[in-house]
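Below you'll find the structure, written out as structure tokens, and then a few comments.
The values are calculated or read from the model by the stated rules, or taken from the named source; none is laboratory data. Note that the structure is a prediction, hence the values are computed from the model and not measured. Here the Cβ positions follow ideal geometry from the backbone for every residue, glycine too, while neighbour counts run over all protein chains shown. Areas reflect the complete protein model, heavy atoms only, side chains present, ligands, DNA and RNA absent. Shrake-Rupley method; radii C 1.70, N 1.55, O 1.52, S 1.80 Å.
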Amino acid sequence: MRQSGRLLLMALYTATGCILGAQEQTASVPKANSLPISRPVHARHAPTLSADDGLTILAAALDSRPHLHGRNDCSHLTHAIYQRAGFPYAYADSSDLYAGVGGFERVAQPQPGDLIVWRGHVGIVIKPSQHVFYSLLRSGPGVDDWESAYWKTRGHARFYRYIKDPAVRGPEFSSHRPRQLVQISR
């Protein structure tokens, strides 16, 4: 676990440099490269997580490591990290997230802080250029490479970015609401 913590910390610092470098290059990159694969019609102009917001989520993941070990699966861990970072959403399991849920848009080019989702597993993107993500793994919370043989056997991953606009998210996600874990009963 100490190794995973060191790797996460190194990835977080590296991601910070990548984000700052990417922000400087955005003028020369065609906007079509960052267009979402699919986006709900009602969310066409809704702001999504910025690169700085992504770093906030990564910091919450790093800060939350000792507090979140009791979470029982990857979707609860991811949900708790987003809550702690100040980006609430109604709890959804990884299968629902994979299918797409309100409050997130699917994107082709992930950035740090985005969700990476397979059928049956979810994590948080740390460093897209190196395919690194954070999630609850067999050994506990840690980082892994989504291009590794194991993750390739899980199928094609999807990436989702949080939509920040409360009008799109709905009144139940107002920023005036106290931060708490919200779970939907089935």
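Remarks
- A DSSP coil position with no more than 11 other Cβ atoms inside 10 Å describes the following trypsin sites (Lys or Arg not before Pro) in segment 115-165: Arg138.
- Karplus 3J(HN,Hα) series, Hz, for segment 126-139 with 6.51 cos²θ - 1.76 cosθ + 1.60 (x for Gly, Pro): 9, 9, x, 5, 10, 6, 9, 9, 10, 6, 8, 9, 4, 8
- Separation between Cα centres of segment 70-92 and segment 121-137, rounded to whole Å: 15 Å
- Accessible area ranking (1.4 Å probe, heavy atoms, ligands and nucleic acids excluded), largest first, for His76, His156: His156, His76.
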